[in-house]
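To start, the structure under review is shown below, and the notes come after it.
The values are calculated or read from the model by the stated rules, or taken from the named source; none is laboratory data. Source: prediction; values computed, not measured. Cβ atoms come from the backbone with ideal geometry, glycine included; neighbour counts cover every protein chain shown. For the accessible areas, the whole protein counts, side chains as well, though only heavy atoms, and no ligand, DNA or RNA atoms are used. Shrake-Rupley method; radii C 1.70, N 1.55, O 1.52, S 1.80 Å.
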Amino acid sequence: MSLILRIFFIFAGSITALFVARDSLNFDVMQMFVAILLVIGLLLAGSLWSLWRQT
């Protein structure tokens, strides 16, 4: 489980660094927000894939 979370944080860190400077105080908060959005996007894609495969 921790490996999966680390992979999400690697992607979230690189995406967040495009929009927020790494030196800013809220970088960690924004990184967590992007990581949550990535998890939600993955779950949504999995749900839609499951619905699409049933029809």
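Observations on the structure shown:
- Rolling a 1.4 angstrom probe over the chain with all protein chains present gives an accessible area of which 74% lies on carbon and sulfur atoms.
- Cut-off 16 Å, label 7 Å out along Cα→Cβ of SER50, residues of region 7-28 by amide N: none
- Under 14 Å, Cβ to Cβ, from SER14 - net charge with Lys/Arg +1 and Asp/Glu -1: +2
- Sum of -39500 (n - 2.57) over DSSP H runs of 4+, divided by residues of the chain (222 nm, nearest 500): -29500 deg cm²/dmol
- Degrees separating the helix 27-54 axis from the principal Cα axis of the chain, which is the longest one: 10
- Distribution of pairwise C-alpha distances over the chain, 5 Å bins, in %: 4, 20, 22, 18, 13, 10, 6, 4, 1, 1
- Length released on extending from LEU42 to ALA21, taking residue separation times 0.36 nm less the Cα-Cα span: 5.0 nm
- On a per residue basis, the chain carries 86 Å² of accessible surface, using protein heavy atoms and a 1.4 Å probe.
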